[in-house]
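First the structure, in the form of C-alpha cells, and then the observations on it.
The values are calculated or read from the model by the stated rules, or taken from the named source; none is laboratory data. Since this is a predicted model, take the numbers as computed values, not measurements. Heads up, the Cβs are rebuilt from the backbone with ideal geometry, glycines too, and the neighbour counts pull from every protein chain shown.
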Amino acid sequence: MRPLATCLVSSRPPRRLVAVSPWVLAVLAASLPAVAPAQGIYSCIDDRGRRLTSDRPIAECTAKEQQIHNRDGSLRGIHPPTLTAEERAAQEARERKINAERMAQQEAVRRDKNLMARYRDEPAHRRAREASLDTVRLAIKASETRLKELEAERKPLLSEAEFYKGKALPPKLKTQIEANDTATSAQREATATQQAELDRVNRIYDTELARLRRLWAGALPGSMGPLTPPDNTAK
C-alpha cells in the first residue's frame, strides 16, 4: 500500500486530514524559499544613549558602527557605518593616497636595489658616468668643429661683400651669407642643447652617487624615499 503524507488544511476543530503523495510534497518543498540562517544579533548605542539590539542592521545606527554578536554573546564582527557621499569620497581619496605612497615606497626599494646591483663601488659608478659623458662630449666636439668650418666659409663671403659696400649684394652672394648665418645659428643652438645635456647627465650621476654612498654605508633600500630626478631647467 502506498504511504500517505498528511497536512493540516484547517485550524478549526474537527481537523480534516488530506492525503498527499510524497512527490507533491517534494515539489512544494522545492518551491518554498530557503530560510536564511541566523545572521547574528546587532547591537549599538543610538544618539540618545540607548542600547539597541536587533536581528538585522539597526536603522537608528546607520551612521555608527554596530557590533554583531553570536547567540552566545561572543563578538562575531563589526557592521561599518553607512557613509555619506562626501565621506565615501574622502575615504576613497585616503585609500588612493595610501596606495600611492605604498607604490612609491616599493619603487624606491626596487630602484635602490637595482643601483647597488649595477654599481658595486664608486669606481664602477665613475666609469659609467664617463661613458655617458663621452657620448655627449663627442657631439659637442662635432658641433664645435662644424662652427669652425662655418666661420671659415663665412670669411671669403664677407670679403666679397666688401666690394658691394653701399650697394645691393648679388642674389647668389646674399643667399650664401644668409645660409651661413642660418647654419651657424642652428649649430650654436645645438651646442647649447648638448651642454645642457652634459649638465643633466652629471646631475643624474651626482644624485645617484650621493644615494649610493649612503647605501654602501648601510642604509636600507627605500629608507631615503624616491630618487628625485634632476631639474632639467637648472642652470
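Residue pairs, Cβ under 8 Å, 6 or more apart or interchain, first in the range 49-62 and over 16 Å from P81 (Cα atoms), second loosely packed, with under 10 Cβ neighbours inside 10 Å. List them.
These pairs meet every condition: D55/A38.
Of everything in the range 76-88 that's surrounded by fewer than 11 Cβ atoms within 10 Å (Cβ to Cβ) and among the hydrophobic types (A, V, I, L, M, F, W, C), which residue is nearest to R56 (Cα to Cα)? Working first, answer last.
Keep residues of the range 76-88 that are surrounded by fewer than 11 Cβ atoms within 10 Å (Cβ to Cβ), which gives 78, 80, 84-86.
Right, trim to among the hydrophobic types (A, V, I, L, M, F, W, C) and you get 78, 85.
On the way: I78: 12, A85: 23 Å.
Per the stated criteria, the residue is I78.
Count, please, the residues in the range 166-214 that happen to be touching an Asp or Glu at 6+ places or on another chain (Cβ under 8 Å), over 15 Å from E153 (Cα atoms) and of a type in the set (A, V, I, L, M). Even if it seems obvious, please write down each step before you answer.
Pass one, the range 166-214, residues touching an Asp or Glu at 6+ places or on another chain (Cβ under 8 Å): 173, 180, 184, 191, 203, 209, 211-213.
If we keep only those that are over 15 Å from E153 (Cα atoms) as well, we get 191, 203, 209, 211-213.
The next check asks that each one be of a type in the set (A, V, I, L, M); those that pass are 209, 212.
Summing the residues that are touching an Asp or Glu at 6+ places or on another chain (Cβ under 8 Å), over 15 Å from E153 (Cα atoms) and of a type in the set (A, V, I, L, M) in the range 166-214 gives 2.
Please work out which residue is surrounded by the most Cβ atoms within 10 Å (Cβ to Cβ), limiting yourself to the range 144-176 and to residues that are aliphatic (A, V, I, L, M) and part of a helix (DSSP H, G or I). Even if it seems obvious, please write down each step before you answer.
Step one: filter the range 144-176 for residues aliphatic (A, V, I, L, M), giving 147, 150, 152, 157-158, 161, 168-169, 173.
Going one step further and asking which of them are part of a helix (DSSP H, G or I), we end up with 147, 150, 152, 157-158, 161, 173.
Details: L147: 16, L150: 19, A152: 9, L157: 16, L158: 11, A161: 16, L173: 15.
So the residue we want is L150.
If the Cβ limit is 8 Å and pairs must be 6+ apart or interchain, which residue in the range 146-172 that is over 29 Å from A192 (Cβ atoms) and free of Cβ contacts under 8 Å to residues at least 40 places away in the same chain pairs with which residue that is surrounded by 10 or more Cβ atoms within 10 Å (Cβ to Cβ) and aliphatic (A, V, I, L, M)?
E160/L173; Y164/L173; L169/A161; L169/I177
Would you call L220 in contact with a Leu (Cβ under 7 Å, 6 or more places away or on another chain) and either modelled with pLDDT of 95 or more or surrounded by fewer than 14 Cβ atoms within 10 Å (Cβ to Cβ) (or both)?
Judged against the criteria, L220 is not a match.
Quick check: anything in the range 32-55 touching a Gly at 6+ places or on another chain (Cβ under 7 Å) and at pLDDT 85 or above?
Looking only at the range 32-55, we keep the residues that are touching a Gly at 6+ places or on another chain (Cβ under 7 Å), and these are none.
No, there is no match, as no residue in the range 32-55 is touching a Gly at 6+ places or on another chain (Cβ under 7 Å) and at pLDDT 85 or above.
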